[in-house]
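Enquirer: Mind looking over this structure? Questions follow.
The values are calculated or read from the model by the stated rules, or taken from the named source; none is laboratory data. Remember, it's a predicted structure, so these values are computed and weren't measured experimentally. Here the Cβ positions follow ideal geometry from the backbone for every residue, glycine too, while neighbour counts run over all protein chains shown.
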């Protein structure tokens, strides 16, 4: 479910090692994300209770969906009973047919929302920011809660016997990342390193993109990389799976990252959108029904009302990385 | 109670009151500060516990809750005097508790219910059998800033305040005692300085004032220094100088006036004596005059009547005195009258009363004297006149100057002045009729007849 574990395009070990110049398109993408002003498609609406969740310049939707299709990143995992439990719980609450659609690529989610094939989508933070830039009327209505929190951190870990004690000492060493779209596995660590004047493509001896957090952790434990970027949940999962996580030490922490955002297609009629959000928010781990419905995500405890502003910190990091990339050939 | 004692008692009293008041205020203020500090620590403890437990609570990992709770309590037990910590779900069912026996039970006390109903931390102070306890709650929830979130449960904790309060009280008592000791020493020093600078000088001044009040105008206060009390002493001495000077002047004036008054009084007495003498004395003969005679006779008659004592009255008249005056002149007659006065004063007792009754007539009151004694005195007086040579008496019909005397005695010849005078006057008349130069006693029979 984590955005950091998404983008299975890079899950294949064949894509693990990339050249330094792979940074350039990512940087350009970041610049485009940060510099893209939202189009003024609609005149400013009058404030109203029903329009409270509307982005500026967006009119309330008018479409009443006869069924509810929720796009969820698959993260390479198969459909589980948890997905079905979620669909059933929502269907009971909304009196609508509910379908959970697992999608492997985020652009498929974007396309589904744009083409009216999805009514609701769950987007990792970086993907949400990009989607919002493409459609300013798309607003985060809920944020997923994992392990009781709506935020998580990015860790840069190393082996305890590496002799490293600080991030600045990574200069001249190899570092493993997830991929260029991962918040905790790339974006936030790079922003943190840039603050310390550590250029990932000039200062590091090698940059590894390993596609997922498990591979990053394994690479550090095996010694194929001096350090790696991941997040606490991935470390806990690796520990439960028997990896020697105890051999690792946290070299540095990079930022606090919001969990995935839940968005409703902007043309959905507000009262129905409200009902969908309320139905999702009513599911949490304090009830047996909630625990069953949320079991498709490891550590998922529920959904809490959110705002677009909650993801400003992600935009800020994107802005930082874009400026840093601007100086990179 | 002396000024020194009052000042010392007042000073010590003020210091004690100030220290007690200050101590009470300090205790209240410091208790509030400590309470605020304890609240802050308790809130921080609960915040840390909340961060540590929100994950396990959200994922129903109760065993992790117990571990987190045990670890944090162990770390903070001494610093916070933790009485209990409970982690409850939204139905107040205990998920973890510092008292293992309460696991799975449901809290139903008022504070727990209030804590579960509020979205914010609740702080209360209660007193129960365990002592004073600070109750703090923290809602365990997950939310995006400014939005509603998921309430997983509540952490409720009780923190003992008695240990902190006792420590605070002991510290405060020590502080107040130290301050009190220092201030008492300072008060003693101040009292000593006060004694030397104020009380003793005032005592000297009071002593001098007392001496002055008792009349010692020469006494002066000892003046040391130039302060206010010294100025008071100087002023007192100036006042004493003025008082002494004025008193001396007044005494001199009084003495002078007294002397003048004494002299004036003496002169007045002399004048009074002279006036008295002139009022009672005949100016020619020096004998008592008629007024004195009359008053004396009446007074002595009353006295004689009261004492049953006799009194004899002699009425004396110079024989043929008109002839003497006609022949020798009135100055010579006056001289005869003066000689008669001398003869009477020479012969009579000091207690007898000789008077010039009028013209050449004289009266003599013989006190405590009966008729016989009166006749004897009268005869002796007659003989002395007869034997005394007078200038120009040879021209008298008898060849010499003689007197006739009538004698009347109280009470047989008269009991009043008028009766006695009439009786003596009758006897004198009888002596004249009998040939003059003789003494005739009043005849009571004649009186009766008359």
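Enquirer: Out of the residues in the stretch B:114-143 meeting the condition of being buried (at least 22 other Cβ atoms within 10 Å of the Cβ) and more than 21 Å from residue B:36 (Cα to Cα), tell me which one is farthest from the other protein chains (Cβ to nearest Cβ).
Expert: Once the filter is applied, the top-ranked residue is B:140.
Enquirer: Considering only the stretch B:146-158, I want to know if a residue exists there that is on the phi < 0 side of the Ramachandran plot and in a helix (DSSP H, G or I).
Expert: no
Enquirer: How do the pairs read when you match residues in the stretch A:146-161 that are more than 13 Å from chain B (Cβ to nearest Cβ) with residues anywhere that are surrounded by fewer than 20 Cβ atoms within 10 Å (Cβ to Cβ) and part of a loop (DSSP other than H, G, I, E, B), using Cβ under 6 Å and keeping only pairs 6 or more apart or on different chains?
Expert: A:158/A:164
Enquirer: Among (1) more than 10 Å from chain B (Cβ to nearest Cβ); (2) crowded, with 21+ Cβ neighbours inside 10 Å, which single condition is residue A:295 missing?
Expert: (2)
Enquirer: Another question, if that's okay. Taking the criterion of being farther than 21 Å from residue A:291 by Cα and assigned by TED's automatic domain parsing to the domain that holds residue B:156, would at least one residue in the stretch B:53-60 satisfy it?
Expert: No, there is no match, as no residue in the stretch B:53-60 is farther than 21 Å from residue A:291 by Cα and assigned by TED's automatic domain parsing to the domain that holds residue B:156.
Enquirer: Only one of these conditions is not met by residue B:163: (1) without any contact (Cβ under 8 Å) to a residue 12 or more places away in the chain; (2) in a helix (DSSP H, G or I). Which number is it?
Expert: The failed condition is (1).
Enquirer: Could we say that residue B:86 is in contact with a helix residue (DSSP H, G or I) (Cβ under 8 Å, 6 or more places away or on another chain), more than 14 Å from every other protein chain (Cβ to nearest Cβ) and surrounded by fewer than 17 Cβ atoms within 10 Å (Cβ to Cβ) here?
Expert: Spelling it out, it is not the case that residue B:86 is in contact with a helix residue (DSSP H, G or I) (Cβ under 8 Å, 6 or more places away or on another chain), more than 14 Å from every other protein chain (Cβ to nearest Cβ) and surrounded by fewer than 17 Cβ atoms within 10 Å (Cβ to Cβ).
Enquirer: Separate question: Could you tell me whether the stretch B:429-436 includes any residue that is assigned to a helix (DSSP H, G or I) and under 13 Å from residue B:375 (Cα atoms)?
Expert: Among the residues of the stretch B:429-436, at least one is assigned to a helix (DSSP H, G or I) and under 13 Å from residue B:375 (Cα atoms), which makes the answer yes.
Enquirer: Somewhere in the stretch B:60-68, is a residue in a strand (DSSP E or B) and either away from chain A (no Cβ under 14 Å) or without any contact (Cβ under 8 Å) to a residue 60 or more places away in the chain (or both)?
Expert: No, the conditions are met nowhere in the stretch B:60-68.
Enquirer: Is it true that residue A:53 is under 18 Å from residue A:281 (Cβ atoms), modelled with pLDDT under 90 and in contact with a helix residue (DSSP H, G or I) (Cβ under 9 Å, 6 or more places away or on another chain)?
Expert: For residue A:53, the condition - under 18 Å from residue A:281 (Cβ atoms), modelled with pLDDT under 90 and in contact with a helix residue (DSSP H, G or I) (Cβ under 9 Å, 6 or more places away or on another chain) - is met.
Enquirer: Among the residues of the stretch A:56-66 satisfying the criterion of being in contact with a strand residue (DSSP E or B) (Cβ under 7 Å, 6 or more places away or on another chain) and in a loop (DSSP other than H, G, I, E, B), which is modelled with the highest pLDDT?
Expert: Looking at residues that are in contact with a strand residue (DSSP E or B) (Cβ under 7 Å, 6 or more places away or on another chain) and in a loop (DSSP other than H, G, I, E, B), I get A:65.
Conditions (1) under 30 Å from residue B:243 (Cα atoms); (2) within 14 Å of chain A (Cβ to nearest Cβ); (3) under 33 Å from the mean Cα position of the chain (by Cα), marked per residue:
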residue	(1), (2), (3)
B:146	no, yes, no
B:154	no, yes, no
B:167	no, no, no
B:187	no, no, no
B:190	no, no, no
B:199	yes, no, yes
B:209	yes, no, yes
B:218	yes, no, yes
B:222	yes, no, yes
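Enquirer: Right, next: Please give the number of the condition residue B:24 fails out of (1) crowded, with 18+ Cβ neighbours inside 10 Å; (2) within 60 Å of the chain's Cα centre (by Cα).
Expert: Going through (1) crowded, with 18+ Cβ neighbours inside 10 Å; (2) within 60 Å of the chain's Cα centre (by Cα) one by one, residue B:24 breaks only (1).
Enquirer: Scan the stretch B:261-312 for residues that are assigned to a loop (DSSP other than H, G, I, E, B) and within 30 Å of residue B:335 (Cβ to Cβ) and jot them down.
Expert: Hits for the stretch B:261-312 are B:282, B:283, B:284, B:285, B:286, B:287, B:289.
Enquirer: Yes or no: the stretch A:178-188 includes at least one residue that is over 16 Å from the mean Cα position of the chain (by Cα) and surrounded by 24 or more Cβ atoms within 10 Å (Cβ to Cβ).
Expert: No; the residues of the stretch A:178-188 include none that is over 16 Å from the mean Cα position of the chain (by Cα) and surrounded by 24 or more Cβ atoms within 10 Å (Cβ to Cβ).
Enquirer: Let me ask something else. Would you be able to say whether some residue in the stretch B:213-229 is without any contact (Cβ under 8 Å) to a residue 12 or more places away in the chain and closer than 25 Å to residue B:12 by Cβ?
Expert: Yes.
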